[in-house]
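Engineer: Handing you a structure now.
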Amino acid sequence: MDLYEIIFKLAQDIKYCDMTVRKIAPDMITRLEDNEIFVFGSNLRGAHGGGAARLAMEKFGAVWGQGTGMQGRSYAIPTMQGGVETIRPYVDEFISFAVHHPEYRFLVTRIGCGIAGFREEDIAPLFREALDVENISLPESFVNLLEK
């Protein structure tokens, strides 16, 4: 391999690593950088009593009684109101919000896969369009399912 080929390969590796790091949200989010937003599953009543919703309220400014949208340094997507199809409009709204707010990096948790009781295989497809949005990072399990 000559020097040009080595540099080209390194550039491709760096590009791949950068894309991977940017697109994968950490499994355990306990703090946020200045521009990061914690995206969590909620209920329409905004009763943030457990799981990621409770963490969002305790650490990232989620508001008791607000079940959807941006609040503090978090963004709520309701997951407790019915089947997967009832979640889709809220995910679509979130993706649109993220597109219109490139100043933020949105770290999506495994919404709906905890207290709400959905399987990752059911929820991940709702986020398919998010793969193309630079400032949305998804759980690794969602990305793996979507890239199959």
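The values are calculated or read from the model by the stated rules, or taken from the named source; none is laboratory data. Predicted, not measured: the structure shown is a model, and the values here were computed from it. Cβ atoms come from the backbone with ideal geometry, glycine included; neighbour counts cover every protein chain shown. Ligands, DNA and RNA are stripped out before the accessible areas are found, and what is left, the full protein with its side chains, is counted by its heavy atoms. Shrake-Rupley method; radii C 1.70, N 1.55, O 1.52, S 1.80 Å.
Engineer: For segment 71-130, I need the span (max minus min coordinate) of the C-alpha atoms along each principal axis, in Å, sorted largest to smallest.
Structural biologist: 32, 23, 16
Engineer: Suppose we take every Cα in the chain and form the convex hull; what volume per residue is that in Å³?
Structural biologist: In the chain, the Cα convex hull volume per residue is 116 Å³.
Engineer: Let me ask something else. How much length is gained if the chain between HIS100 and ARG88 is pulled fully straight, taking 0.36 nm per residue apart and subtracting their Cα-Cα distance, in nm to one decimal?
Structural biologist: Here the answer is 2.5 nm.
Engineer: Assuming R0 = 30 Å, what is the FRET efficiency of LEU131 and ARG45, from their Cβ-Cβ distance, to the nearest 0.05?
Structural biologist: 0.45
Engineer: Turning to a different aspect of this structure: For the chain, what proportion of DSSP beta bridges, expressed in % and rounded to the nearest 5, is antiparallel?
Structural biologist: Just about 20 percent of them are antiparallel.
Engineer: Measure nothing but the geometry: give the 0 to 90° angle between the long axis through the Cα atoms of 3-23 and the longest principal axis through the Cα atoms of the chain, rounded to 10°.
Structural biologist: Rounded to the nearest ten degrees, it is 0.
Engineer: What does the charge dipole of segment 97-148 about its Cα centre add up to, to the nearest 20 debye, if the Cβ of each Lys and Arg holds +1 and the Cβ of each Asp and Glu holds -1?
Structural biologist: 140 debye
Engineer: Grab the other residues whose beta carbon is less than 10 angstrom from that of VAL99, score K and R as +1, D and E as -1, and report the net.
Structural biologist: Counting the neighbours of VAL99, the net charge comes to -3.
Engineer: Here is a follow-up. Let's see if you can work this out: charge +1 on each Lys and Arg Cβ, -1 on each Asp and Glu Cβ, no other charges. What is the dipole magnitude of segment 57-109 about its Cα centre, in debye to the nearest 20?
Structural biologist: The dipole magnitude comes to about 160 debye.
Engineer: Would you work out the charge dipole size for the chain about its Cα centre, treating the Cβ of every Lys and Arg as +1 and the Cβ of every Asp and Glu as -1, and quote it to the nearest 20 debye?
Structural biologist: Using only the charged Cβ atoms, the result is roughly 540 debye.
Engineer: Using a cut-off of 14 Å between beta-carbons, work out the net charge of the residues near CYS113 (Lys and Arg +1, Asp and Glu -1, CYS113 not included).
Structural biologist: Computed value for this residue: -3.
Engineer: In the full protein assembly as shown, how much of ASP34 is accessible to a 1.4 Å probe, in Å² to the nearest 10?
Structural biologist: 150 Å²
Engineer: Okay, moving on. Mind checking the per residue accessible area of the chain for me, 1.4 Å probe, whole number of Å²?
Structural biologist: Ligands and nucleic acids excluded, the result is 57 Å² per residue.
Engineer: Roughly speaking, to the nearest percent, how much of the chain's 1.4 Å accessible area is carbon and sulfur?
Structural biologist: In the chain, the share of accessible area belonging to carbon and sulfur is 55 percent.
Engineer: Per DSSP helix of 4 or more residues, -39500 (n - 2.57); summed, then divided by the residues of the chain. What does that give at 222 nm, rounded to the nearest 500?
Structural biologist: -10500 deg cm²/dmol
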